[in-house]
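Report on the structure given below.
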Amino acid sequence: MMKLIDITDKYGLETCKYPLEPYLVPETYRGQPKYKFDLCIGCAACSVACPPNAISVKAVDTKVVWEFDCGRCIFCARCDEVCPTGAIRLSTEYELAAKFDKSALIQRGEMDMASCAECGKLYSTKRLISYTLRKLELSNLSEERIKNAKFYVNLCPECKSKKAILSLETEAKEIL
Amino acid sequence: MRGDKFIKLIEEKFNILETTREHEEQLTILVDRNDLPAVVKYIYYDIGAYLTSMIGNDERSINKNYALYYVLSVEGSKLPNDPIIPNEEKCFITVKTLIPPKEMTYPSVTPYVPACVWYEREVYDMFGLVAEGLPDKRRLMLSDDWPNDLFPLRKDAMDYRFRPEITNPENEPEFTFNEPDGDLINIPLGPMHIRNEEPGHFRLFCDGDTIVDADYRLFYIHRGMEKLAENRMNYDQMGFLAERICGICGYAHSIACIEAAERAGGIEIPQRAQALRIVCSEIERLHSLLLNIGLACEATGNYTAFMHIFKIREYTMQLAQLVTGGRKTYGNVIIGGLRRDMTGNEIKQSLETLANIEIQVNEIWDAIMDDKRQVKRWKGVGVLDQQIARDFSPVGPNMRGSGIMRDYRIDHPYDFYKKIEFTPSIGEGGDVFARIYVRYQDLKSSIHIIRQCFELMPSGNLSIKANVNIQAGKYAMGYVEAPRGDTTHWIMQGGSQKVYRWRARASTYANWPSLRYQLRGNSVADAALIVCSLDPCFSCTERVIITDIKNKESKILTEKDLKAICRKKD
């Protein structure tokens with residue numbers, strides 16, 4: 001019994017005075033996901049990857065609403081992995097208690113939607129389109145191919161498929 | 001191929017309708033339901049096998065029948081006088097039988113192989129399949145007021161969101177406990193408090209101070225994860241759900257679940273991922289074993305040792321944090337490999353922490369062994385007889401403490417264990433001390449295994465892009481030797497990215513049925529210690545401390561305070 005107390009004495013204290021002093025976590029710690037609205041393009045990759053459906057991306061009227069409910073989050077970092085722009089990153093934040101107000105756990109962002117150049121229907125966020133255009137410029141494609149792609153970016157899925165079929169048909173006719 | 005020898009032996013005696021092979025060492029034989037008890041008994045006792053799991057399945061949409069799968073791990077009985085089955089012949093033989101929906105009955109295997117008792121009770125709860133001749137026909141999982149004609153896992157029974165109405169407390173049916181005859185004192189333990197804080201209700205039937213018999217009721221928080229996964233989850237989400245089955249051996253569950261899916265889809269993961277999976281699960285073993293040794297000290301009132309062991313456990317948690325980024329729930333496994341690699345620097349730090357853990361574990365063990373009072377509280381208490389262990393197929397340290405060497409890392413090596421050398425631990429006598437001793441030996445071999453993994457770990461990819469070959473109706477089993485014994489997941493693939501049936505069998509599930517024999521003949525004071533030595537899964541929050549950082553004051557909220565806060569509306 002005395003031997004035990006000796007050992008305990010030898011190694012000293014392990015506990016820290018948290019919350020009176022900060023408790024340090026390693027850099028790789030997976031804490032609360034932090035959302036940077038400025039970087040978000042509303043591509044919804046995170047909401048697809050999220051296992052507990054904590055992230056939702058929905059179209060409400062003329063806006064795309066990105067919403068994250070930390071109460072549902074399981075801190076798996078799937079969103080962090082799939083985000084193309086780094087808009088959502090897991091921080092080292094672990095103090096998540098909310099005092100009887102669950103809305104404190106919700107992070108939200110609203111993005112404007114772009115309308116289709118053909119039919120005028122709202123179909124995607126403006127940011128996603130400008131992101132795609134930016135990426136297209138950096139890509140190593142032929143000019144004609146880029147021009148073509150830029151044209152299709154501004155169309156909603158239905159118009160896009162209609163146009164594509166139409167152009168294929170005309171091309172086929174030309175060849176014939 | 002593996003197992004063919006045994007199939008031939010069975011064929012000589014019984015009529016096998018069909019033999020299929022799911023995986024290298026997993027075979028299924030289809031038998032008539034009237035042959036079922038005899039076949040299972042023959043494999044269990046005559047060939048030498050242990051029951052790994054039993055799965056009920058509603059296959060009416062596949063073959064118009066219900067199906068039962070008795071998964072037997074053919075590994076020899078491992079008793080001193082019985083023949084030994086060499087490692088390269090060990091395999092899993094699944095005995096499958098079909099039950100027509102018109103009859104809904106099958107002959108019970110329990111009278112021949114007692115290990116089946118809980119599984120057969122569960123199959124009644126979930127599917128309404130009646131085991132004729134089952135000695136104990138009470139409910140196992142569902143609550144007492146659950147509607148009698150609603151069997152949740154039948155595919156057409158209910159929506160997974162449906163909750164039957166709760167009966168008024170006064171109308172709630174009484175659960176009958178198996179009370180032995182005689183003038184005995186009935187001592188209830190629980191439902192919220194035995195050893196640790198977990199809903200489990202124990203009845204100890206005592207003659208004076210001695211426990212004559214015991215009965216218990218668990219599953220107060222049955223969560224219906226299987227139903228949820230079948231209806232809502234895809235394979236990506238299931239691994240994360242499986243990890244949350246247990247707060248201690250969650251990683252074992254996630255690997256078992258994912259590996260079952262990988263085996264059913266025929267995916268081979270990269271070597272580096274295999275090695276890192278082993279590293280993480282061994283780290284988990286370290287902290288789980290330390291937890292249990294600590295609690296065994298606490299149950300006997302030795303708080304100094306308990307606190308010190310928990311301090312060592314803190315290093316293992318830091319190690320886990322270093323390797324995976326999470327202290328407990330690692331969220332690391334995906335189909336096709338792992339998500340997070342280790343850097344050289346991290347490996348170096350881990351090795352330092354490991355050395356520290358090893359030194360301190362040895363020191364504390366010596367100190368505890370020096371303490372005669374402590375050791376005497378453990379010796380000769382809660383003996384699990386070898387024959388009872390043979391009949392009930394318990395797993396892990398509980399089994400190894402009784403001198404039966406069952407360890408899936410040796411019997412059915414998976415992943416990187418094929419390349420690792422280690423001596424499995426074994427105890428003698430089957431008492432609490434033997435189990436604690438096995439755990440200490442396991443701790444040491446765990447540290448050894450992690451070091452070997454770091455040494456042998458090849459470089460390369462950590463995950464492959466898994467093109468899961470999903471074929472509806474295909475099934476496979478994933479198994480992991482978790483700190484408490486083997487954790488087995490069984491997955492049958494369904495269409496549209498979902499599982500058809502997912503059966504998760506946690507290690508403690510296999511350990512519970514034999515507990516009443518361990519309790520018999522001991523004093524009431526040791527009951528908590530015996531339950532603790534089983535290392536059951538327990539989790540709950542007892543209290544909350546509110547600290548005011550400005551005034552540097554803290555206040556502990558009691559149960560009453562917490563209830564008052566819950567009732568308060570804002």
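The values are calculated or read from the model by the stated rules, or taken from the named source; none is laboratory data. Note that the structure is a prediction, hence the values are computed from the model and not measured. Counting neighbours? That spans all protein chains shown, and the Cβs are built from the backbone with ideal geometry, glycine included. Surface accessibility is based on the protein's heavy atoms, side chains included, excluding ligands, DNA and RNA. Shrake-Rupley method; radii C 1.70, N 1.55, O 1.52, S 1.80 Å.
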So if a site counts as exposed when it's one of the chymotrypsin sites (Phe, Trp or Tyr not before Pro), its DSSP state isn't H, G, I, E or B, and it has at most 16 other Cβ atoms within 10 Å, what's the longest stretch of chain A without one?
A:101-176
Longest DSSP-loop-exposure-free segment, trypsin sites (Lys or Arg not before Pro), chain A, at most 16 other Cβ within 10 Å:
A:122-176
Apply the a/c threshold of 1.5 to the C-alpha gyration tensor of the range B:1-53 and tell me whether it is rounded, prolate or oblate.
rounded
Which of the chymotrypsin sites (Phe, Trp or Tyr not before Pro) across the range B:166-261 are loop residues per DSSP, with 16 or fewer other Cβ within 10 Å?
B:PHE175, B:PHE219, B:TYR220
Please list B:183-189, B:133-139 highest first by mean number of surrounding beta-carbon atoms within 10 Å per residue.
B:133-139, B:183-189
If we sort B:51-60, B:154-163 on the protection proxy, mean other Cβ atoms within 10 Å, highest first, what's the order?
B:51-60, B:154-163
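Over the range B:1-145, what percent of the accessible surface lies on carbon and sulfur atoms, probe 1.4 Å?
50 percent
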Pseudo-spin-label distance B:LEU30 to B:GLU170, built 7 Å along Cα→Cβ, given in nm, is 5.5 nm
Residue by residue through B:230-241, how many Cβ atoms from other chains fall within 10 Å of the Cβ on average?
2
Shielding of A:95-103 by partners, i.e. mean partner chain Cβ atoms within 10 Å per residue?
1
Using a 10 Å cut-off on Cβ atoms, rank the peptides B:387-397, B:254-264, B:15-25 from the highest mean neighbour count down.
B:254-264, B:387-397, B:15-25
Helix A:143-153 versus the longest principal axis of chain A: what is the Cα-based angle in degrees, 0 to 90, to the nearest 10?
70 degrees
Suppose we look only past 43 Å in the calculated P(r) of chain B. What percent of the Cα-Cα pairs does that tail hold?
18 percent
Under 17 Å from a point placed 7 Å out from the Cα of A:GLU171 along the Cα-to-Cβ direction: which residues of the range A:100-141 have their backbone N that close?
A:141
Can you give the average number of partner chain beta-carbon atoms within 10 Å of each beta-carbon in peptide B:360-369, as a whole number?
3
Of the trypsin sites (Lys or Arg not before Pro) in the range B:95-134, those whose Cβ has at most 12 other Cβ within 10 Å and which sit in DSSP loop
B:LYS102
Simple SL model, points at 7 angstrom along Cα→Cβ for A:ILE106 and B:SER459; separation in nm is 4.9 nm
Hull-based mean projected area of the protein assembly as shown, where the convex hull spans the alpha carbons, in square nanometres:
40.5 nm²
Result for interface chain B to chain A, accessible surface buried in total, 1.4 Å probe, Å² to 100, stands at 2900 Å²
The rounded separation in angstrom of the Cα centers of the range B:114-135 and the range B:286-328 is 37 Å
